[in-house]
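Contents: one structure, followed by commentary.
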Amino acid sequence: MIKLHDLEPADGSNKRGKRKARGIGGKGGKTAGRGTKGQRARNTVPIGFEGGQMPLLQRIPKLRGFTNPFRVEYQGINLDTLEETGLTEISPEILLERGLISKGALLKILGRGEVSQALTVKAHGFSKSAEAAITAAGGSVETLPLPWGDRRPPHGSFNQHTNR
């Protein structure tokens with residue numbers, strides 16, 4: 001029967017760490033593989049130091065690209081979702097009441113799924129496939145004007161484009 005005190009690791013699996021800098025008598029003693037004198041012998045070189053040359057981490061650009069402050073975000077609803085509601089008239093207000101879109105969102109109808117009945121859909125945007133599917137089923141499509149009119153959308157953040 002094996003007992004807890006009889007357990008030991010397999011041969012060669014546990015290797016003792018190298019005992020560096022333990023005097024001149026042993027291997028790895030005195031200078032401990034660091035050579036003689038100098039900056040690198042004295043443990044004063046920071047990680048990533050390249051001898052005064054601009055380090056790689058600082059040579060690489062920090063930021064790339066930009067975020068468009070005038071991006072227009074639509075909330076997409078697919079045709080199969082509209083079909084599940086069972087409604088014949090669809091508008092952002094009705095979908096908001098049903099909890100399918102959030103308040104103040106711009107509605108875009110997307111083309112996944114199929115339409116079996118004639119729908120009257122009012123939205124801020126339509127994909128080509130969604131528009132084709134609705135009209136093919138005998139329905140009508142009405143594009144709502146964007147809340148900011150024919151001007152550009154309001155900025156989403158404060159940056160260099162804000163006051164232009």
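The values are calculated or read from the model by the stated rules, or taken from the named source; none is laboratory data. Quick caveat: nothing in here was measured; it's all calculated off a predicted structure. With ideal geometry, Cβ positions are generated from the backbone for all residues, glycine too; neighbour counts draw on all protein chains shown.
Being of a type in the set (S, T, Y) and more than 43 Å from the chain's Cα centre (by Cα) is the filter here, so list the residues in the stretch 14-58 that pass it. Of everything in the stretch 14-58, those that are of a type in the set (S, T, Y) and more than 43 Å from the chain's Cα centre (by Cα) turn out to be T31, T36. On the basis of being in contact (Cβ under 8 Å) with a residue 12 or more places away in the chain, in a loop (DSSP other than H, G, I, E, B) and surrounded by 10 or more Cβ atoms within 10 Å (Cβ to Cβ), does K20 make the cut? Here the answer is yes, as K20 does meet what is asked. When the stretch 103-121 is filtered for residues that are closer than 18 Å to W148 by Cβ and touching a strand residue (DSSP E or B) at 6+ places or on another chain (Cβ under 9 Å), the ones remaining, listed by number, are A105, L106, L107, K108. Summed over the stretch 23-50, residues that are surrounded by 10 or more Cβ atoms within 10 Å (Cβ to Cβ) and either of a type in the set (S, T, Y) or not in a loop (DSSP other than H, G, I, E, B) (or both) total 4.
For every residue, the table says whether it meets (1) at pLDDT 90 or above; (2) within 30 Å of T120 (Cα to Cα).
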position: S13; (1), (2): yes, no
position: K18; (1), (2): no, no
position: K30; (1), (2): no, no
position: K37; (1), (2): yes, no
position: L79; (1), (2): yes, yes
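Taken over the stretch 51-72, the criterion of being outside any helix (DSSP H, G or I) and charged (D, E, K, R) is satisfied by K62, R64, R71. Look at the stretch 109-122: where a residue is at pLDDT 90 or above and a partner is surrounded by fewer than 14 Cβ atoms within 10 Å (Cβ to Cβ) and of a type in the set (G, A, S), sitting 6+ places away or on another chain with Cβ atoms under 7 Å, you get G111/S129; A118/G138; T120/S140.
Going through the stretch 2-28 one residue at a time, which ones are under 20 Å from A41 (Cβ atoms) and among the aliphatic types (A, V, I, L, M)? Once the filter is applied, which keeps residues that are under 20 Å from A41 (Cβ atoms) and among the aliphatic types (A, V, I, L, M), the stretch 2-28 yields A21, I24.
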